[in-house]
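A.B. asks: Before I ask anything, here is the structure I am working with.
Rule-based calculations on the coordinates, nothing more; no lab input. Computed from a predicted structure; not experimentally measured. For neighbour counting, all protein chains shown are included, and Cβ atoms are generated from backbone atoms with ideal geometry for every residue, glycine included.
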Amino acid sequence: MSSERELVALAVGGDKTALEDVVRSLQDPLYRLALRPSDAEDATQEILIRVMTRLASWRGEATLLTWSYRVGVNNLLNLRRQSPHEARALTLDEFRGDLADGLASADYSGPDADLLAEEVRLGCTQAVLQLPGP
């Protein structure tokens with residue numbers, strides 16, 4: 001465990017090689033910790049980021065892997081605690097069917113039709129830009 005302490009101390013101190021060694025030693029076990037294989041890569045990346053950003057708080061009372069598992073388990077539990085609305089990733093494709101509801105059967109061709117169409121395009125663009133990223 002003292003070699004782990006030395007490695008972590010070097011990584012926390014800014015040693016890039018030591019940090020890479022820490023990531024290499026934890027990556028596979030943390031990957032296996034993820035519950036669903038389709039989400040394992042994303043979950044592993046998220047957990048590794050959390051471990052690396054909290055590396056200075058590791059006290060060496062447990063092995064680095066045990067401590068990292070705890071960080072990973074806490075992260076996965078937090079994901080499960082999200083409300084269904086928070087956990088659900090929304091896409092524009094899901095709204096496609098609803099968008100057709102309520103549309104007129106023909107385009108508006110009255111006064112200021114071009115101006116109204118441009119306002120709708122701008123409004124949609126602004127809404128898309130405000131969507132959270134993947």
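A.B. asks: Can you check what the net charge comes to around Ser68, using other residues whose Cβ is under 10 Å from the Cβ of Ser68 (Lys, Arg +1; Asp, Glu -1)?
C.D. replies: For residues surrounding Ser68, the net value is +3.
A.B. asks: Subtracting the Cα-Cα distance from 0.36 nm times the residue separation, let me have the gained length for Ala127 to Ile49 in nm, one decimal.
C.D. replies: Contour length minus Cα-Cα distance gives 25.1 nm.
A.B. asks: Within the range 116-131, find all residues whose amide N lies under 16 Å from a label point positioned 7 Å from the Cα of Asp107 along Cα-to-beta-carbon.
C.D. replies: Once the point is set 7 Å along Cα→Cβ of Asp107, 116-122 turn out to lie under 16 Å by backbone N, inside the range 116-131.
A.B. asks: Only loop residues by DSSP count here, and only those with at most 13 other Cβ atoms within 10 Å; note down the trypsin sites (Lys or Arg not before Pro) in the range 1-81 that meet that.
C.D. replies: Arg54, Arg59
A.B. asks: Given labels modelled 7 Å from the Cα in the Cβ direction, how far is it in nm from Ala117 to Asp42?
C.D. replies: In this crude label model, Ala117 to Asp42 measures out at 3.7 nm.
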